[in-house]
Structure formats: structure tokens, C-alpha cells
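For reference, the structure discussed in these notes is given below.
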């Protein structure tokens, strides 16, 4: 909870992505296209904290906050509580907690600084789910679906099977 207050303080002090842009031009460009920046007006400090030591050290010190894979859902869940609740019920979260296997988290599907294209996300699914049932390879059920997609049958965030 304390890091959340620090991030809000960073926003209040006017930390802008421009403070990060001298070294992180690619991330700033990517984030500028993300709806968190374009529609919500969020800035780097929301996820990374003020990171003054990092900025003053020319990168020799880490940012105040960099979420580890098993911390991403908690960080995103500060704003996306319903999605976090759904994800916390998923097999991906169980695998993450048990460290049984490398597992998907919010940024695996949605990206870190820029939103991922669906085709990239679906290719990511195939890395772990190389073998899929025959139903996943055919024409999707329903007239609305134009192509086969994991989301034709799997619920968002929990990824439980909801379709045929």
C-alpha cells in the first residue's frame, strides 16, 4: 500500500514520462500509444515510483518499483480490481504461486509499455500450449466469430473454458 501512495505522490509532483525519455525513448514511445497514457493520462511513476535515484544515477540504480512476474497482478489490480479477482482464480495464477512453471500474468497478454496485438498474444499462448484440442483448430462456433481465437472459448482473465 505504501508504494501506491508513493506513486500517487509522484503523479502529484508532476513526474512526466519526459523525465524518463533521455534514456528510455523506446519505452516512452510505446507507452504513448498505450491507452493507460493516451486515455487515462497515467505516467511512468504510477508503476515505477518517483525513481529519483535511478534518474540521477544514469541507470546505475534500479527504479523504485519494477514488478516481478508474481507481483504484476497485484500492481495492475490496484486499478483493475475485477480483472485481478478473476486472474487470481486462474490456473496461471496457481502455477505462478506454486512456481510449478513459468506462467502468464497481466503483461504477458497486455504488454508492459505498449498493448500487444492479439496475434502476438495468441502466439505467446502457443509457447506453452503447443498442443491444442481439435476444437481449437476448427471454425469457431457462432456466426459473430470471424476466426479461431482462444477467447472464443476461454473466459478473459480466468481462461476457464466457456464455449464448445
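With contacts defined as alpha carbon pairs under 8 Å and 6 or more residues apart, what's the relative contact order of the range 61-122 in percent?
Reported relative contact order: 25 percent.
Extension gain residue 98-residue 162, at 0.36 nm per residue separation less the Cα-Cα distance, in nm?
Extending this stretch completely gives an extra 20.5 nm.
Run the numbers for residue 60 and residue 39: contour at 0.36 nm per residue of separation, minus the present Cα-Cα distance, in nm.
4.3 nm
Full-extension gain between residue 134 and residue 149, please, as 0.36 nm times their residue separation minus the C-alpha to C-alpha distance.
Net length gain for the segment: 4.1 nm.
For 64, 70, which order do you get if you count the other beta carbons within 10 Å of each Cβ and list the fewest first?
70, 64
No value in this document is a laboratory result; all are computed from the given coordinates. It should be emphasised that the depicted structure is a prediction, and the values quoted were computed from it without experimental measurement. Counting neighbours? That spans all protein chains shown, and the Cβs are built from the backbone with ideal geometry, glycine included.
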